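Presented below is the structure to which this report refers.
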Amino acid sequence: MRVEYSHDVLLPRVALVCALLVITIVGLSAFIRLSGAGLGCSPWPQCYGQVTHIEQRGILQTAIAPTSTAITVARFSHRILAVLLLPLMLVLVAGGFSKKSEPWSERWVALFALGLVLFLAVLGRWTAGARVPAVTLGNLLGGFMLFALCWSMACSGSRLLVGAALSGRANAWAWVAVLLLLSQITLGGYVSSTFAGLSCPNVYGCDLPNPVSWDVLNPLREPTVNSNSVPVNAELALVHALHRWTGAAAALAVIVAGIGTLGTGLRSMGLILMALIGIQLALGLLLIYTELSLVIAVAHNVVAAMLLASLLGIIRVHGTHQRL
């Protein structure tokens, strides 16, 4: 009986620790990338053609120094946490397959998560100094999916929820929201890696170039920065516009999926989901008004990861309840 307890309770708790590690790594990775190390640009946000008051006063180097120290600390922390993550993932995989009578139901999820960890470790060898958006997208989506998988494994311990099953329609909307959110996250990473953040400076719309060049959507195309155009990198407005349009569709799907949890044992998770989408929309607007504030940009990344994890967590708990 003690062995059953150790597997059914301990492994979801280990998965929760993994999820906390991964979301921290996601935040650090976003900070490193957006602040100028890796595929970002240095110093933030001068690569987008902005001229700040500190540059006009001739104290730009003084302002950059603390950021450089922060990047060094972030890189060190990122590597330490990534090293700690690997043995924990091995514990999840080993624990999931070691119980011969009734293996942990999340064992294959744990195995896939371990594969993602190894994939990200290998991809890290090409990340430093890489310029093509495909590398950024691989790191971004890999990290987000890893967090979502760890969170879903942690949610598998919630087997005693009463009435946790969703209706067929609500479950379908949850999956639609996942697909749209993944598309929106991909486009968001593409906006960042191609320096298209200021190509649509207005909240209410984007002025697309005429004619539209679909080549800007090629993830293997090395981005360029045209700070002389108004707006900055105007030729990339299509990338930014697609991110916004997909974000609006994803927000609608998330809200509908969240409403579908009301009246079930997943009500609290659904309310958290709807709160997160509200925060994410607000952060997106603030990014435009603040002309890509670094703090808000990092928060925008972290909340997106939390949204994806929350959706998959709801789907996982629903699936677990259906099997009981």
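The values are calculated or read from the model by the stated rules, or taken from the named source; none is laboratory data. A quick note: this is a predicted structure, and the numbers were derived from the prediction, not measured. Please note: Cβ atoms are built from the backbone with ideal geometry, for glycine as well, and neighbour counts cover all protein chains shown. Surface accessibility is based on the protein's heavy atoms, side chains included, excluding ligands, DNA and RNA. Shrake-Rupley method; radii C 1.70, N 1.55, O 1.52, S 1.80 Å.
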Quiz item: For the pair Val17 and Glu102, what calculated FRET efficiency results from E = 1/(1 + (r/R0)^6), where r is the Cβ-Cβ distance and R0 = 35 Å, to the nearest 0.05?
Solution: 0.90
Quiz item: What whole-number value in Å² describes the accessible area per residue of the stretch 185-324 for a 1.4 Å probe?
Solution: 45 Å²
Practice problem: Give me the number: length gained by fully extending Ala172 to Leu90, i.e. 0.36 nm times residue separation minus the C-alpha to C-alpha distance, one decimal in nm. | Solution: 26.3 nm
Exercise. Only residues of the stretch 233-274 count here: report those whose backbone N is under 14 Å from the spot 7 Å along Cα→Cβ of Val212, or say none.
Key: 235-246
Practice problem: Go through the stretch 197-207 residue by residue and turn each phi into a ³J(HN,Hα) via Karplus (6.51, -1.76, 1.60, θ = phi - 60°); whole Hz please, and just put x for glycine and proline. | Solution: x, 10, 6, 10, x, 9, 5, 8, x, 10, 8
Self-check item: Between the stretch 66-124 and the stretch 266-288, the Cα center-to-center distance that results, in Å
Solution: 27 Å
